[in-house]
Amino acid sequence: MLEGATMAVQEWNDKGGVLGRQILLLPEDSQCTADPAVKAANKLINQDGVKYIVGEVCSNASIPVSEIANQKGVVMISPSSTNLSVTVDKNYKTKKYIFRACFIDSYQAMAMALFAQERGYKTAFIIYNPNNSYVDSLAVTFRGSFGENGGRIVGEETYDSNATDFTAILEKVASSRAEILYIPDYYNIVNQVAVQARQRGLSVVLMGGDGWDSADLDTTATEGGFYTNHYDPGDTRPIVQEWVKRYGANMVDEQGNPKIPDAIATLTYDATNMLLASIQQAGVDDPSQVADTLAGLHWEGVTGAISFGMDHDPNKPVIIMTIRNGQKAYVDSLDPWQWILNR
């Protein structure tokens, strides 16, 4: 995330900045967790006088930060927090100052459910952490979408944040004879489940959400699995290939090799660019006017053409990825609403 934001800020500063001023990036480690995120946001807003925030990554951290930012009149755009409650309050009223660059949980879970049925799968088992808002939202929507379109949920089990042994759950998965095991969690949990499933000899097809997207995903254990994502570096569009090239020229791994931008880096790059473009277009360093400008912005980003609906969520195609021969590979691009209309 920090690399994506740094790239965008550097490019704007190299061209003269925004409104003739250089942009200062103030990173805070919010740890993908609510309490540290709130502490970081309060420091940035109350001590550093920040008017614009790019973040947070995780929904369970972005939700409380969004409440603070919206109350304080600080424009916030999350690159990757997909829970509905990030941009709308408990009464489903849109938060004026809060936006996101990614599609929401229900959108990608619906896409995966439709894709699964398009592939002919009829039965699914869901395992999830109900105490993580991101994970719970994906699970709930997948359950509904899969069932509404002719599929059958043959089992469901939950686990907590500290879980490491999934043996008992996987026994139930095996007994259910499900064709799909939907694991809508982050890669660290997915890795553990996938390894234990393979050790047990389960041939079930693993599926999940964009939390799988990481260089640390165990691509051996998740071989043959599918997950939803926001972009693919193998996309042949010039804007994508130019971005991959620039990123690799600026960011290298521990061995000095050019890094390939993942979805988080790319969404953050788009989010930062949209925020800075809105300040420039507003013509004034005023969060209220910038929020209004951002709400009406049409932006050709690396992750696609982006504009905002009334809820400040972008509608755009969902990328379906697979793990093939130990490598992440593009499978399809699916717009859930268009799919339903075409049916």
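Every number here is computed from the coordinates shown, using simple stated rules; none is lab data. On a predicted model such as this, the values are computed, not experimentally measured, just so you know. When we count neighbours, we look across all protein chains shown, and the Cβ atoms used for this are built from the backbone with ideal geometry, even at glycine.
Per-structure values
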{"quantity": "Cα pair distances exceeding 17 angstrom across region 186-255, given as percent", "calculated": "53"}
{"quantity": "Mean Cβ count within 10 Å, highest first, over the residues of peptides 322-330, 175-183", "calculated": "175-183, 322-330"}
{"quantity": "Antiparallel bridges, percent of DSSP beta bridges restricted to the chain (to nearest 5)", "calculated": "50"}
{"quantity": "Along principal axes, Cα extents of region 142-191, largest first, whole Å", "calculated": "34, 23, 16"}
{"quantity": "Among ALA249, ALA69, ALA139, residue whose mean-square fluctuation peaks in a GNM of the chain (springs only between Cα atoms under 10 Å)", "calculated": "ALA249"}
{"quantity": "The chain: most fluctuating residue of CYS32, CYS58, CYS102 per GNM, C-alpha cutoff 10 Å", "calculated": "CYS32"}
{"quantity": "Amide H contacts under 5 Å for ASN149, placed H, 5+ residues apart", "calculated": "none"}
{"quantity": "Among 217-226, 251-260, the order from most to least packed when residues are scored by Cβ within 10 Å on average", "calculated": "217-226, 251-260"}
{"quantity": "Helical segments meeting 20 Å axial Cα length and Kyte-Doolittle 0.5 threshold in the chain (DSSP H)", "calculated": "263-282"}
{"quantity": "Value at 222 nm in deg cm²/dmol, rounded to 500, when DSSP H runs of n ≥ 4 in the chain each add -39,500 (n - 2.57)", "calculated": "-13000 deg cm²/dmol"}
{"quantity": "Cysteines without a disulfide-compatible neighbour (Cβ-Cβ under 4.7 Å), the chain", "calculated": "CYS102"}
{"quantity": "Sequence-separation-based contact order of region 186-233, relative, with Cα cut under 8 Å and 6+ spacing, percent", "calculated": "47"}
{"quantity": "Cα gyration tensor category, rounded, prolate or oblate, for the chain with a/c compared to 1.5", "calculated": "prolate"}
{"quantity": "Largest to smallest principal axis extent of the C-alpha atoms in region 1-54, angstrom", "calculated": "37, 22, 10"}
{"quantity": "Spatial separation of Cα centroids for region 143-210 and region 244-304, in angstrom", "calculated": "34"}
{"quantity": "Taking all pairs of distinct alpha-carbon atoms in region 36-127, Kirkwood radius in angstrom", "calculated": "14.4"}
